[in-house]
1. For the residues K86, K225, what sequence is obtained by ranking on other C-beta atoms within 10 Å, fewest first?
2. How charged is the neighbourhood of A109? Take every other residue with its Cβ under 12 Å from the Cβ of A109, and add Lys/Arg as +1 and Asp/Glu as -1.
3. Loop only per DSSP, at most 15 neighbouring Cβ atoms within 10 Å: give me the GluC sites (Glu not before Pro) in the range 216-320, ordered by residue number.
4. Which value results for Rg/Rh of the chain when Rg is the Cα radius of gyration and Rh the Kirkwood radius based on the inverse mean 1/r?
5. When only C-alpha pairs under 8 Å and at least 6 residues apart count, what is the relative contact order of the chain, in percent?
6. Find how much the distance from D353 to E67 grows on full extension, using 0.36 nm per residue of separation minus their present alpha carbon separation; answer in nm with one decimal.
7. With a 10 Å radius around each residue's Cβ, average the other Cβ atoms per peptide and rank 109-116, 77-84, 366-373, highest first.
8. Work out the length of the dipole vector of the chain about its Cα centre, built from +1 on the beta-carbon of each Lys and Arg and -1 on the beta-carbon of each Asp and Glu, and round it to the nearest 20 debye.
Amino acid sequence: MSQAIQILAGRARGAALVLLLAVPAGAHAGSALERIGVDLRPGDPGCVASVRGRDGVEVESHGGVRERGGAANDARTNFRLASVSKQFTAMAVMLLVADGRLAYDASLADLLPGFPAWARRVTVRHLLTHTSGMPDYERAMDRAAALGGTVYTPDRQVRDEDAIALLRREPRLDFEPGTSWAYSNSAYVLLGEIVARADGRPFAEVLERRIFGPLGMRGTHLYVKGRNRVERRAYGHEAQRGELVPADQSATSATQGDGGIYSNVADLARWDTALREGTLLPTAAMQAALVPVQLADGGQTHWPPDGDEDDLAPGQPVSYGYGWFLDPLDGHRRMWHFGTTRGFRSAIMRLPDENMTAIVLCNRSDLDARMIAERLLRDALATRP
C-alpha cells in the first residue's frame, strides 16, 4: 500500500513547489524532495518528475501549467524532449541494424551521397557516439548568413534538408573520425535521414511504426510543423528580468533526429519498461549501445576543452554509447541523457542494476532537470527498504 502526501518542498527565491508524492507507507517522504529547490508559483510553467523503482514503487511530482492560463501539467502533458530524443534515433538505427538494413560501419558517403571526400571516413558508429568530427550545422548557419545566405529564425526554421545541405558544403571535418569526441547535433540530424532512407519511410513514420506504436506511447510524436500536432502540449518559457515569458521555438526547433520529439512521463515509463524487458531489441543487441566509446588509439573520450552550452564538463572525461551517457551515479551504473532547448529542459536517468529510473520534463529553462533527476534518485536510494 502507498499513501499520497502533499508536500511543500524547499523554497527557492521566495516561492514554493507543491509536489504530489506516492511513497511506501511508513517511508520518510520529504527529505530529498525538500532539497530540490525548484521555484514555482501558482500559474507559472513548471515540470513533471517521476521515479520508478523496484517492486512498482513510484514517486511522481507535478507542478505548474502547460502555458499561462492553461491546464496544469500532469503525467500526460507532452513536453519537447530536445536531446533526450537522441536515444530514440539511436534505437531506430539499432533496429535497422538488427534487420540487416544498416551496418554500424557503413560510411556516410555510401548512405547519403553528395558529401565531400571526408564523408568516406565517417561511419554510422562515429555518428552515434559523437566521434565523427562533423561540423556543427548551427555554426554553418551563422557562417552562411554572414555571407548573405538564409537567416534562420523561429519563423524561418532550419529543417533537416537545410542542415544537411549546409553540412555538404563544409570543406573539412572538425577532427579525424575516431580521434576525438564532441557532442554533435549534426550527427543525429544525419542519422535521422539515414534511418529514413534505409527504411524507405519518413523518419517520423519510422519512429511511430517501430517504437511509439508498438510500445503504446500514444502521446509521443516527432513533431513536424504543418504535418501533425501535439495534443496536451506544454509550451516553453524563459526567465527574462525576473518574469517567465513564452519562448517555445528557436531557429533550430524543426530538425528531427537530434531533438524533435514530444513525450510525457507516462509514455516514457513505457519506454523505460521496454528497455528493461528487451521488448524492442534483445538484451544482447541492446548491449552495443551501452559500451562507452573509446578513441581509435584506445584512449578515453573527453568533453572539448572550450565548452559551449552543450558541454557539461569542458575538458573532463565523458562516457557515451549509442544515444546514452554512461557515467555512474555515486557508484551505481547509469545510462542517461539530458535535453536543452529554448524554453524546455528534460532528463531521463536509469540505474539498471537498481531497477530505478528518474524522468524530469520542464517547460521552463531556468530549471535544472538533470540535477532534479539526480536528487530524486539519491532520495529513492537512501529511503528504499
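1. Listed from fewest to most nearby Cβ atoms, that is K225, K86.
2. Once all neighbours under 12 Å are counted, the net charge is +2.
3. When the GluC sites (Glu not before Pro) of the range 216-320 are filtered for loop state and at most 15 Cβ neighbours within 10 Å, E231, E309 remain.
4. 0.96
5. 21
6. Gain on extension, D353 to E67, equals 99.2 nm.
7. On the way: 109-116: 14.9, 77-84: 26.8, 366-373: 21.9.
Answer by packing, highest mean first, reads 77-84, 366-373, 109-116.
8. Details: 45 positive and 47 negative charges, 154 e Å.
Rounded to the nearest 20 debye, it is 740 debye.
Here, each number is a calculation from the coordinates, and none is a lab measurement. What you see is a predicted model, and the numbers here were worked out from it, not measured in a lab. Because the Cβ atoms are built from the backbone with ideal geometry, glycine has one as well, and the counts that use them run over all protein chains shown.
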